[in-house]
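Take a look at the structure set out below.
The values are calculated or read from the model by the stated rules, or taken from the named source; none is laboratory data. As the structure is a computational prediction, the values presented were derived from the model and not from experiment. Cβ: placed from backbone, ideal geometry, glycine included. Neighbour counts: every protein chain shown. These accessible areas exclude ligands, DNA and RNA; they are computed on the full protein's heavy atoms, side chains included. Shrake-Rupley method; radii C 1.70, N 1.55, O 1.52, S 1.80 Å.
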Amino acid sequence: MRRISRRITAVVAAVVSLALLAGFLPVTRAYASTAQHDIMIGLAVANAYVSQGWHSPGQSIDLQNAGGSTAGVSVYSQTKWISGDAMVAYKASYISDCTGIKAEYKTGGGATLGRTAYVHINVSGSIPSSWNMAASGWTVEYLGSVINPEPNAPGQGGNDNCAWTGPHEHQSEEVATGSVNSGLSAGNSYATGSTWLVHLSD
Amino acid sequence: MVPRIRSAPAAGLVLLLGLIACTNNSLPVPSGTPTTVTATAQPEAATGAPSASATVTVDTFVPYPAGTQTGDAAVDDVVRAFLGRDLAAMRSLARLRDVPCTTAVDSAAPTCPTGSPAGSTVSVLLGQGCHPVFWQLGELANALPFQVERITLLAVAAPKDASLAGGHFVLFGIQSGGVVRGWGITASRDGFVEIDAGCGVAPDVLLQKDGRAPFLLELRRLQ
């Protein structure tokens, strides 16, 4: 009786092992995954010119089209997966003083890793409330286009809190967990395909 | 670190979908059309029409040789420090002004240092560009274009801003990627009080914005 029981147990174990190997049975396993995504330059050009390096308020950088006119150039939330899980981007808020939009980046568990303000852009009315930052390749979400002139600038009848003298994309970064690319220098141009602004990591 | 629960079949399915995705090399093309897409490579760049007045090639203006004397010792000090990409010298020549700071986000006023209340005074160097920037002394490395391919002296004029009377507007050409853009410094009697990154414009455009006659050194175009 005991021998039969052992045989049954062995057979069941073998079947279960095969099923597991074949992927037919769900095997739940918990593991900690470090999600890493890069926030890239939002300007949809091949090379972006840094007209002013990292400056306040917050950690901001002014970007222009290195190869031509900046006015009207499309601006995207452009993020690049590095490793680990997907993240989620949220349409966070509109910029109050100037024309722009803020995106917030969270882990799947809801922890906020950072925010980006895309300023001086003609904000699209069709930005979804959230979008998945895929765990592969690039994720791009259209936000609008570089505005010219900025209607909220003082010279355009706007307010003193929206300083603007020429078309550019002002990209302002808040980083809860991660780092800002301090290697970017004013007066230089950078390939948008390989130049990250912020490295988000949970 | 975010714990995740996953199943082997789900992982297999993700792997399968990933393999399928990898075989699709078509890239999203930013066209201004609202869309959400996931790309396997960078989205194709938009093709903006070149702006004739935005930038100039390296041969458009004739730079003054290094060591050129302007006749004003204070200007010469600034020019020497800037052309020499001497950050320490630039720091010692920067003349800051005290202005009230703000704790508001995205304000045009300088941001208060951590822990300082709104309205407290901060010492900053005024920077122009695509918008005013208030540079603290420790941030000067971010403000100055010292990693560009080439910096040249192009002109020295009187400042257009009447509040800067007595100083000089010094126009430089900064070359990056084979393109020369204007970069300006307003020199005072013992240093400099303002920088203008130019918002990517050509040197002559920046000179027109910030400088006026009389000139210590005139902008020279290649004949």
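What to note about this one:
- Heavy-atom accessible area order for A:Val198, B:Val179, largest first, 1.4 Å probe: B:Val179, A:Val198
- Between amide H atoms placed 1.01 Å from N, distances below 5 Å from A:Gly100 occur with A:Ile95, A:His120, A:Ile121, all of them 5 or more places distant or on a separate chain.
- Pair-distance profile P(r), taking every C-alpha pair of segment A:103-188, with 10 angstrom steps and integer %: 14, 36, 35, 14, 1
- Overall, the anisotropy analysis places segment B:119-166 in the oblate class: the square-rooted eigenvalues a ≥ b ≥ c of its C-alpha gyration tensor yield a/c not less than 1.5, with a/b not exceeding b/c.
- Among A:Thr195, A:Thr34, the sequence by solvent-accessible area, most first, with a 1.4 Å probe is A:Thr34, A:Thr195.
- Taking label points 7 Å from Cα along the Cα-to-Cβ direction, B:Ser116 and A:Gln156 give a separation of 3.1 nm.
- Chain pair A, B: total accessible area buried, heavy atoms, 1.4 Å probe, Å²: 5000
- Cβ-based net charge around B:Gly200, under 15 Å, with every Lys or Arg adding one and every Asp or Glu removing one: -3
- The calculated P(r) of segment B:143-191, using every Cα pair and 5 Å bins from 0, goes 5, 21, 25, 20, 14, 10, 4, 0 in percent.
- A convex hull fitted around the alpha carbon atoms of segment B:85-162 yields 139 Å³ per residue.
- Cα-derived Rg to Rh of segment B:67-128, Kirkwood definition: 1.15
- Candidate lysines for bridging to A:Lys91, where Cα separation is under 25 Å - those fewer than 8 sequence places away on the same chain excluded: A:Lys80, A:Lys102, A:Lys106
- Between segment B:96-173 and segment B:178-202, the alpha-carbon center distance in angstrom: 10
- Under a model in which nothing but the beta-carbon of Lys, Arg (+1) and Asp, Glu (-1) is charged, segment B:131-220 shows a dipole of about 180 debye around its Cα centre.
- When the alpha carbon coordinates of segment A:41-157 are projected onto the principal axes, the ranges are 45, 30, 28 Å, largest first.
- D_trans [Stokes-Einstein, Kirkwood Rh over alpha-carbon pairs] for segment B:94-222, 10 °C, 1.306 mPa s, µm² s⁻¹: 103
- For the segment A:191-198, counting C-beta atoms of other chains within 10 Å of every residue's C-beta and taking the mean gives 1.
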